[in-house]
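Written out below as structure tokens is the structure these notes cover.
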Amino acid sequence: MLLKMDVQGMEQAVLMGASRTLERIDFLLYETALVPLYENQPLFDEMHRFTVDLGYRLLAPMLLNKSRSGTIIEMDVLYQRASLGSRASRTCWV
């Protein structure tokens, strides 16, 4: 099952409150920022560590949003439950 989130910087809070639901989630897709966009928003490095600690591994960045100067400011990222192994990622369309 895939959980897709776009909750304006509240992804970590949603995941923290979804521990029972995450037991059934094989893939996570969420937006994460590389620069601060919202107050108290965790940035990509913190979100990545948090998601890995939940037992997921990064498969791919999906959609990059850039500033006018071309700097990547946010992106959608796809994570897979690490226990699924590499075989499952070959069947996931990115």
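The values are calculated or read from the model by the stated rules, or taken from the named source; none is laboratory data. Everything quoted here is computed from the prediction, not taken from an experiment. Cβ atoms come from the backbone with ideal geometry, glycine included; neighbour counts cover every protein chain shown.
In table form, for the structure just shown:
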| item | result |
| --- | --- |
| Number of the exception - Ser69 against (1) more than 17 Å from Arg81 (Cα to Cα); (2) of a type in the set (S, T, N, Q); (3) not in a loop (DSSP other than H, G, I, E, B) | (3) |
| Some residue of the range 8-19 being assigned to a loop (DSSP other than H, G, I, E, B) and of a type in the set (Val, Ile, Thr) | no |
| Filter result for the condition that a residue is touching a residue at least 60 places away in the same chain (Cβ under 8 Å) and either within 12 Å of the chain's Cα centre (by Cα) or over 24 Å from Gly85 (Cα atoms) (or both), over Phe50, Phe27 | Phe27 |
| Given (1) modelled with pLDDT under 90; (2) out of contact with any Asp or Glu (no Cβ under 9 Å at 6 or more places or on another chain); (3) more than 18 Å from Met1 (Cβ to Cβ), index of the condition Val94 fails | (3) |
| Scan of the range 20-44 for residues that are hydrophobic (A, V, I, L, M, F, W, C), over 21 Å from Ile73 (Cβ atoms) and in a helix (DSSP H, G or I), ordered by number | Leu22 |
| Residues of the range 8-23 classified as touching a residue at least 12 places away in the same chain (Cβ under 8 Å) and touching a strand residue (DSSP E or B) at 6+ places or on another chain (Cβ under 9 Å), total | 7 |
